[in-house]
1. Out of the residues in segment 68-87 that are modelled with pLDDT of 85 or more and aliphatic (A, V, I, L, M), which is surrounded by the most Cβ atoms within 10 Å (Cβ to Cβ)?
2. Give the residue that is farthest from Ser333 (Cα to Cα), with candidates limited to residues of segment 240-271 that are among the β-branched types (Val, Ile, Thr) and surrounded by 18 or more Cβ atoms within 10 Å (Cβ to Cβ).
3. How many residues are modelled with pLDDT under 90, among the β-branched types (Val, Ile, Thr) and within 19 Å of Leu176 (Cα to Cα) if we restrict to segment 304-360?
4. So which helices (runs of 4 or more DSSP H) stay within segment 286-345 end to end and still have 1 or more residues that are without any contact (Cβ under 8 Å) to a residue 60 or more places away in the chain and among the aliphatic types (A, V, I, L, M)?
5. Could you check segment 185-209 and list, in sequence order, the residues that are at pLDDT 80 or above and aliphatic (A, V, I, L, M)?
6. Could you pull out the residue among Val241, Val174, Val212 that is under 24 Å from the mean Cα position of the chain (by Cα), of a type in the set (A, V, I, L, M, F, W, C) and at pLDDT below 85?
7. Would you be able to say whether some residue in segment 101-108 is touching a helix residue (DSSP H, G or I) at 6+ places or on another chain (Cβ under 8 Å), in a strand (DSSP E or B) and at pLDDT below 85?
Amino acid sequence: MRQALIALRAFIVKEFQHILRDRQTLIILLGLPVAQLTLFGYALRTDVRDIRLAYVAEAPDAATAALRTRFARNGRFTMVDLAPGPGALAEAFQADRADVAVIVAPGLADRLRDGRAAEVQVIADASDPNTGATMQAHVLAVLTAWQRDLPPRVGGVNIEPRVRMLFNPTLESVNLFVPGLIALILTIVTALMTAISLSREKERGTLEVLLVSPLHPWQVIVGKVAPYLLLAFVNVVSVLVAAWLVFGVPFRGSLVTLMAGSTLYALVGLSLGVVIAAITSSQLTAMLAALIGTMMPSTLLSGMIFPIESMPAPLQVLANIVPARWFIEISRSVMLKGAGWAELWPQFAILSGMFALLITLAIRRFSVRLD
């Protein structure tokens with residue numbers, strides 16, 4: 001029995017030494033719980049802040065100005081200035097420059113003075129149904145408080161809010177999650193699988209054989225990631241067909257625009273997977289690094305589930321470097337809002353810059369010799 005315990009002790013010591021020698025895996029294993037706690041703790045917030053409100057007074061008067069001031073002084077709203085023209089409000093919603101709009105019918109001051117009902121229309125972007133309902137509730141709360149604070153002689157006036165939920169009038173949650181699921185699936189197929197596949201080739205020594213062959217590093221990279229790019233295309237099409245047939249998710253935009261965005265996002269994911277495989281020493285380390293570097297941010301910091309505007313300022317800044325954030329904006333805007341190139345070119349430009357940076361880094365890391 002004593003000999004068995006001594007042998008077991010020696011074996012446990014050996015395993016600890018093995019773990020301590022692999023510093024990359026050790027850092028990831030120790031840092032993963034802290035990263036998860038931090039991200040979940042700050043991202044798991046259902047309150048909505050910094051609501052971008054477009055205020056439209058069809059016939060401005062003293063009462064409409066006072067109501068606008070009431071919204072502007074509320075800490076939850078950021079006032080949005082609209083360009084002149086009849087289509088300015090629709091364009092602001094489609095280009096994602098406004099979250100909610102308040103439209104005041106003409107004659108508000110006269111109706112308040114005469115004690116007649118006053119109509120106020122509230123339009124909320126419901127592409128995220130939970131956020132849309134919350135924004136609507138905050139607007140109605142301000143209207144109710146403003147009506148309550150009116151002078152006694154007009155305090156009995158009835159303000160009639162007419163609510164309209166834009167892009168998702170039935171508040172179907174599946175309409176919110178399908179564009180995000182496309183991003184998540186593309187992340188798995190591209191970044192995660194590429195990192196694991198290339199790391200496995202490194203461990204077996206077959207990748208080193210390819211890198212000392214007449215093939216250039218970029219040819220090796222393209223050859224390795226091309227099948228995953230094709231799989232990404234197949235996955236996007238299958239998810240769109242299933243979402244339309246099974247769940248009735250609307251598709252209001254251009255399929256070409258969405259596929260272009262999907263291709264660009266897939267290229268970013270593939271490049272990131274190559275970089276992860278190049279800087280990690282084992283398949284396990286690559287998998288953990290890919291999970292931390294792609295899956296967690298794509299779920300928590302992309303706006304897929306939790307509104308980015310509700311997160312603390314540091315996480316909002318960090319969300320800007322998460323590729324999934326920009327692709328989800330593209331997919332939601334195309335599918336639910338019918339947006340096109342004119343509204344989405346900033347997101348395409350950001351993803352293009354990320355791809356250029358990552359593919360350059362990937363090619364440089366995969367030199368002729370493996371470290």
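The values are calculated or read from the model by the stated rules, or taken from the named source; none is laboratory data. Everything quoted here is computed from the prediction, not taken from an experiment. Neighbour counts are summed over all protein chains in view; Cβ atoms, including those assigned to glycine, are modelled from backbone coordinates with ideal geometry.
1. The initial filter retains those residues of segment 68-87 that are modelled with pLDDT of 85 or more, namely 68-74, 76-80.
Remaining after also requiring aliphatic (A, V, I, L, M): 72, 79-80.
On the way: Ala72: 12, Met79: 12, Val80: 17.
This residue is Val80.
2. Going through segment 240-271, the residues among the β-branched types (Val, Ile, Thr) turn out to be 241, 246, 249, 256-257, 263, 268.
Those left that are additionally surrounded by 18 or more Cβ atoms within 10 Å (Cβ to Cβ): 249, 257, 268.
Values: Val249: 13, Thr257: 10, Val268: 20 Å.
My answer is Val268.
3. Within segment 304-360, residues that are modelled with pLDDT under 90, among the β-branched types (Val, Ile, Thr) and within 19 Å of Leu176 (Cα to Cα) number 2.
4. On the way: elements: 296-300, 313-319, 323-332.
Filter on segment 286-345 gives 313-319.
5. Matches in segment 185-209: Ile185, Leu186, Ile188, Val189, Ala191, Leu192, Met193, Ala195, Ile196, Leu198.
6. On the way: Val241 fails: at pLDDT below 85; Val212 fails: under 24 Å from the mean Cα position of the chain (by Cα).
Sole residue among the options that is under 24 Å from the mean Cα position of the chain (by Cα), of a type in the set (A, V, I, L, M, F, W, C) and at pLDDT below 85: Val174.
7. no
Yes or no, residue by residue, for (1) among the small types (Gly, Ala, Ser); (2) more than 18 Å from the chain's Cα centre (by Cα); (3) closer than 30 Å to Phe77 by Cα:
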| residue | (1), (2), (3) |
| --- | --- |
| Ile292 | no, no, no |
| Ile305 | no, no, yes |
| Gln316 | no, no, yes |
| Phe327 | no, no, yes |
| Trp341 | no, yes, yes |
| Ile359 | no, yes, no |
| Arg364 | no, yes, no |
